[in-house]
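A short worksheet on the structure shown next.
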Amino acid sequence: MTVLVLGLILFLFPHTLREMGLREALAGRFPSPGAYKGVYSLITLAGLVLIIWGKSIAPFVMVWEPPFGMRYLSHFIMMPVFLLVLAGVMPMSWLRVTLRNPMLLGVTLWGAAHLWANGDLASMLLFGGFTLWGATKYFSLWGSAGMAAFEPRMLVWDIVIAGLGMVLYFTLFVFHGDLFGVGLVL
């Protein structure tokens, strides 16, 4: 469990430097913005590797038993996740303008959906940590980004996001067992 917790710290802590007011001070200690971004990327990448490894070797300790008959709710919670994450990385869409930080909202829903379906300690640390981080960051950044004016071409990107998001959702649904070792059943 130590490897997983260390990975979560290395991944999530750098992503909260802005909210703690440390990002600018820390970035100023590096010779260039590129050097700061490089170190930041290496630390978070190491955290991600440790998260994956730590989750795979963590002992199974049951904390709570998810209601088996209600696990299907996690599938419905996951449906908008791909749309939100794609809206966060695609060119400006109406969804992105409206939600401002849709990727963070997607991460929050992803974590919540997985918390609903998994009751072991390692899953609660992993998905609970990401849910808490995503929700906190989403609301802390809500007022920081200005609202862009609506343009009709934004709807084109929303249509692309919706189509691609549903294709990704159903692809991951089908191959979840092959990719992550846990097959999904409705």
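Restricting the search to helices (runs of 4 or more DSSP H) fully inside segment 38-118 and requiring at least 1 residues that are more than 19 Å from L132 (Cβ to Cβ) gives 72-89, 94-99. Scanning segment 137-177 for residues that are part of a helix (DSSP H, G or I) and under 16 Å from L99 (Cβ atoms) yields K137, Y138, F139, S140, L141, M154, L155, W157, D158, I161, A162, G165.
In the condition set (1) closer than 29 Å to V3 by Cβ; (2) in contact (Cβ under 8 Å) with a residue 40 or more places away in the chain, L45 is compliant with all but (2). Any chance segment 26-40 includes a residue that's touching a helix residue (DSSP H, G or I) at 6+ places or on another chain (Cβ under 6 Å) and either under 30 Å from L184 (Cα atoms) or in the same structural domain as L104 (by TED's automatic domain parsing) (or both)? Within segment 26-40, none of the residues are touching a helix residue (DSSP H, G or I) at 6+ places or on another chain (Cβ under 6 Å) and either under 30 Å from L184 (Cα atoms) or in the same structural domain as L104 (by TED's automatic domain parsing) (or both). Among the residues in segment 69-82, are any under 28 Å from W142 (Cβ atoms), in the same structural domain as A112 (by TED's automatic domain parsing) and surrounded by fewer than 12 Cβ atoms within 10 Å (Cβ to Cβ)? Scanning segment 69-82, I find at least one residue that is under 28 Å from W142 (Cβ atoms), in the same structural domain as A112 (by TED's automatic domain parsing) and surrounded by fewer than 12 Cβ atoms within 10 Å (Cβ to Cβ), so the answer is yes.
The values are calculated or read from the model by the stated rules, or taken from the named source; none is laboratory data. Fair warning: this is a prediction, and the values are worked out from it, not measured in the lab. Cβ sites come from the backbone with ideal geometry, for glycine too, and all protein chains shown count toward neighbours.
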